Amino acid sequence: MHYDLIIRGGICVFPWGEAKADLGVKDGRIASLAVTAQDEAAEEIDATGLHVLPGLIDAHVHLRDPGNAAIESIATGTRAAALGGVTMVFDMPNTSPSITSAATIADKRLTVAENALIDMGLYVGATRANTPELAALEQEDGVCAIKVFAGSSTGDLMIEDDEGIEAVLRSGHRRVAFHSEDEYRLQARKPLFETGMPHVNHMIWRDEECAFLGTRRITALARKTGRPVHILHTSTAEELDWLAAHRSHVSVEVLVNHLTQVGPECYETLGAYAVMNPPIRDQRHYDACWTALRDGRVDVVSSDHAPHPREAKEKPWPQCPAGLTGVQTIVPVMLDHANAGRLSLPRLVDLMAAGPARIYGLQTKGRMAVGFDADFTLVDMKARREIRNDWIASPVGWTPFDGKQVTGWPVGTIVRGHIVMRDDEITSAPIGRLARFAP
């Protein structure tokens, strides 16, 4: 047999477990899991000593495009993702202008085709004005889900009341993703805090009840309407315990930051570079996130990559914007957790490949099987590296993990058979495109 690409000698993470295998790729798809020594290809990779994972997905990023390319763009954001071993991202709609209509989706589709190094999915933002059109918008090519900001947003990209949320849930049938902090509690508590207070007050203002109250309300509306929902960046023990009883209607995302950083210490060391929404919380919630991840209550792990320039982040709290870079660092940080024994590689793959595919209805991606897209993340589980600001490809040039020592590093990013990154070098022109999702 003649293939376009053969990957030989790697330890592959299949749905049924880990095994050494030789993989054959043809026409962008996986054509064989058992290539022979006699088979040939236009290009071969010797993956001896490496693990070959299904292409890892970051299902929650803000690439700021359209908006300000000096902060981030599809070109720079997908470059950062590829350097970090990510083969696909799902991009949030709170851009300028927001992605809330067929016209803005069409414009973004063109930008993806011209600039993306890896494949993408697009969220459509729900507003009060476009709620009647959401059933049609969720069927647009490349749309992964509807996104509702039930708290902490700007402009018209926020629907905080039960009546408005219920109207969204009754328009369409696919899963709806939520930022579920309770806006009423946030605004009621805001006068308690003043400019110049220590950054740890971010964690105190946006407290556990703010998140838990929002999640309880959304869960009740999901059950009332029968619409499946996805709670993004779940961060509290209370939410995770509550959602265990509502798995038939609600799926769960946890961020890498809530699995890695702990308050109040992170605010003392990082200041504004630890400020994100929902906030990084204390040890009790960190432990609860890991317990839920291990016992299967977590479906997806993402980064919530949300870059801001240094001059904005270094303003006093609460004037500094919330949001951290993460798409380039999520894979090495999660590999380090795997090497530390906190989770297995198959579980990591479930959370960052099979899980996003399952939750969002992503077709032909998320697992290593014949007929699926030839997306692979090659990793060296023994490599010891230091994450540094000067490695970050996003124009803002910083990471909250600067100086962190990790064991485990992505050494190859392959998208539909195209080698996009190899050994820290981008090796491809933009070949990304919007993925297909189940209707």
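The values are calculated or read from the model by the stated rules, or taken from the named source; none is laboratory data. Only a predicted model underlies this, so the values are computations on that prediction, with no experimental measurement involved. Every residue, glycine among them, receives a Cβ derived from its backbone with ideal geometry; neighbour counts consider all protein chains shown. Heavy atoms of the whole protein, side chains included, go into the accessibility calculation; ligands, DNA and RNA do not. Shrake-Rupley method; radii C 1.70, N 1.55, O 1.52, S 1.80 Å.
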query = Of all residues in the stretch 111-136, which are assigned to a helix (DSSP H, G or I) and open to solvent by 10 Å² or more (accessible area, probe 1.4 Å)?
reply = T111, A113, E114, N115, T131, P132, E133, A135, A136
ask   = In the stretch 165-180, is there at least one residue being part of a helix (DSSP H, G or I) and over 25 Å from the mean Cα position of the chain (by Cα)?
value = yes
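How many of the residues in the stretch 250-282 are outside any helix (DSSP H, G or I) and either touching a Phe, Trp or Tyr at 6+ places or on another chain (Cβ under 6 Å) or farther than 20 Å from G151 by Cβ (or both)?
6
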request  = Would you confirm whether any residue within the stretch 204-219 is within 20 Å of the chain's Cα centre (by Cα) and of a type in the set (A, V, I, L, M)?
outcome  = yes
ask   = If you scan the stretch 1-51, which residues turn out to be open to solvent by less than 70 Å² (accessible area, probe 1.4 Å), assigned to a loop (DSSP other than H, G, I, E, B) and of a type in the set (S, T, Y)?
value = T36
request  = Scan (1) in contact (Cβ under 8 Å) with a residue 40 or more places away in the chain; (2) loosely packed, with under 14 Cβ neighbours inside 10 Å for the single condition H179 breaks and write down its number.
outcome  = (2)
query = Here are some residues: G125, G151. Which one is of a type in the set (G, A, S) and touching a Lys or Arg at 6+ places or on another chain (Cβ under 8 Å)?
reply = G125
query = Does the stretch 363-379 include one or more residues that are open to solvent by 40 Å² or more (accessible area, probe 1.4 Å), free of Cβ contacts under 8 Å to residues at least 24 places away in the same chain and either outside any strand (DSSP E or B) or touching a strand residue (DSSP E or B) at 6+ places or on another chain (Cβ under 7 Å) (or both)?
reply = no
ask   = Yes or no: P93 touching a Gly at 6+ places or on another chain (Cβ under 6 Å) and either part of a loop (DSSP other than H, G, I, E, B) or not β-branched (V, I, T) (or both)?
value = yes
ask   = Assuming A81 fulfils every condition listed in (1) open to solvent by 30 Å² or more (accessible area, probe 1.4 Å); (2) within 16 Å of the chain's Cα centre (by Cα) apart from one, which condition is it?
value = (1)
query = Name the pairs: first residue in the stretch 80-92 and closer than 20 Å to V349 by Cβ and touching a residue at least 24 places away in the same chain (Cβ under 8 Å), second residue surrounded by fewer than 24 Cβ atoms within 10 Å (Cβ to Cβ) and of a type in the set (S, T, N, Q), Cβ to Cβ under 9 Å, at least 6 apart or on different chains?
reply = A82/S428
query = Does L56 satisfy being open to solvent by less than 30 Å² (accessible area, probe 1.4 Å) and in contact with a Ser or Thr (Cβ under 9 Å, 6 or more places away or on another chain)?
reply = yes
query = Can you name the residue in the stretch 248-265 that is within 17 Å of the chain's Cα centre (by Cα) and hydrophobic (A, V, I, L, M, F, W, C) and, of all such residues, is surrounded by the fewest Cβ atoms within 10 Å (Cβ to Cβ)?
reply = L259
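Residue-wise test of (1) over 30 Å from R310 (Cα atoms); (2) open to solvent by less than 40 Å² (accessible area, probe 1.4 Å); (3) without any contact (Cβ under 8 Å) to a residue 12 or more places away in the chain.
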site: E209; (1), (2), (3): yes, no, no
site: L232; (1), (2), (3): no, yes, no
site: S235; (1), (2), (3): no, yes, no
site: E238; (1), (2), (3): yes, no, no
site: H246; (1), (2), (3): yes, yes, no
note = Expected single match for over 27 Å from D299 (Cβ atoms) and either part of a helix (DSSP H, G or I) or at pLDDT below 95 (or both) among A353, A312, A338 is A312
ask   = When you look at I71, is it assigned to a strand (DSSP E or B) and surrounded by fewer than 24 Cβ atoms within 10 Å (Cβ to Cβ), yes or no?
value = no
ask   = Which of (1) assigned to a loop (DSSP other than H, G, I, E, B); (2) under 26 Å from Q405 (Cβ atoms); (3) in contact with a helix residue (DSSP H, G or I) (Cβ under 8 Å, 6 or more places away or on another chain) does V301 not meet, given it meets every other one?
value = (1)
Output for the stretch 388-439, where each listed residue is open to solvent by 30 Å² or more (accessible area, probe 1.4 Å), assigned to a strand (DSSP E or B) and hydroxyl-bearing (S, T, Y) = T407
ask   = Do we find a residue being buried (at least 21 other Cβ atoms within 10 Å of the Cβ) and acidic (D, E) anywhere in the stretch 84-97?
value = yes
